[in-house]
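Note sheet for the following structure.
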C-alpha cells in the first residue's frame, strides 16, 4: 500500500518531468486533489497538453516506458474520450496513476476539478451531466431483464440486473440533489431519507425469494425517483412497473 507521502513525491516527479519535456506545452492537476478533497486512498490525476498532435504517440510511448522503468507500473490501459487519451497505470504499490494527454489546441478544463500547473489552457468546456432520460431508459431495461432472469432461474444475471437497476435509481437521485451521478461518486452524500429506501434493494443471497425481495425494493425506489424527475412519465409507466413488481 502506498503512503500519501509516496504519492505526493511521485506526482511532483511527474509534473517536473512534464515541465522538462519540450513536447508538452501545459499541465494541470485534476481529480480530487484539484478540489482539495484528497484522502489516503486517492489516486494521481494529471492532464497534459501536447504542443504538436503528431507527437502524441511518441509522448505516450516515452511516458509509458518511464512509468514501468522508474515507477514500478505493472499494467496500463487507455480510456479515450474525444481527442483525449487517458492512460491509466496500476503500480506495484496499488496506486493508480491517470495521465491524460491531448493536443494543446484541445487542452482545457472538462470539469471543475482542474487546476492549471504550468502553460496555458483553452476556455473550459465542462462535460454535460448524465441525462436522466438515459438513466430511466436503461433502468427500465434492467427491470425487464431482472424480472425474466428471476423467472428463468438465472440467479447471477438477476443479481446483476437488480444491482444495475438500483444504481440507476440512485444516480437519478444524485442528479436531483445536485451530486455527481457517475460511478457512484455521489451515493454516499445522498440524504439518509433517500439512501435508506434502497437498503432493501441490496442482493443478500442468490435465493430466488431474496432476489425477488431486492428487485421489488429496487423497482419501487426507481419508480419513486422517476416520479420526482418526470411525473407524467411516471404516470404512464406505473402500470408496467406495477406488473413487473407483482410478477416478482
(request) Sort through 181, 169, 173 and tell me the only one that's under 19 Å from the mean Cα position of the chain (by Cα), modelled with pLDDT under 95, buried (at least 20 other Cβ atoms within 10 Å of the Cβ) and not assigned by TED's automatic domain parsing to the domain that holds residue 112. (result) 181
(request) Take region 63-82 and flag every residue that is within 26 Å of residue 127 (Cα to Cα) and at pLDDT 95 or above. (result) 76, 77, 78, 79, 80
(request) Just give me the residues in region 17-32 being at pLDDT 95 or above and in a helix (DSSP H, G or I), in sequence order. (result) 17, 18, 19, 20
(request) Determine which member of the set 219, 193, 242 is part of a helix (DSSP H, G or I) and crowded, with 16+ Cβ neighbours inside 10 Å. (result) 219
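For (1) closer than 25 Å to residue 185 by Cα; (2) surrounded by 14 or more Cβ atoms within 10 Å (Cβ to Cβ), each residue gets a yes or a no:
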site: 47; (1), (2): yes, yes
site: 54; (1), (2): no, no
site: 69; (1), (2): no, no
site: 76; (1), (2): yes, yes
site: 81; (1), (2): yes, no
site: 87; (1), (2): yes, yes
site: 97; (1), (2): yes, yes
site: 106; (1), (2): no, yes
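The values are calculated or read from the model by the stated rules, or taken from the named source; none is laboratory data. Note that the structure is a prediction, hence the values are computed from the model and not measured. Every residue, glycine among them, receives a Cβ derived from its backbone with ideal geometry; neighbour counts consider all protein chains shown.
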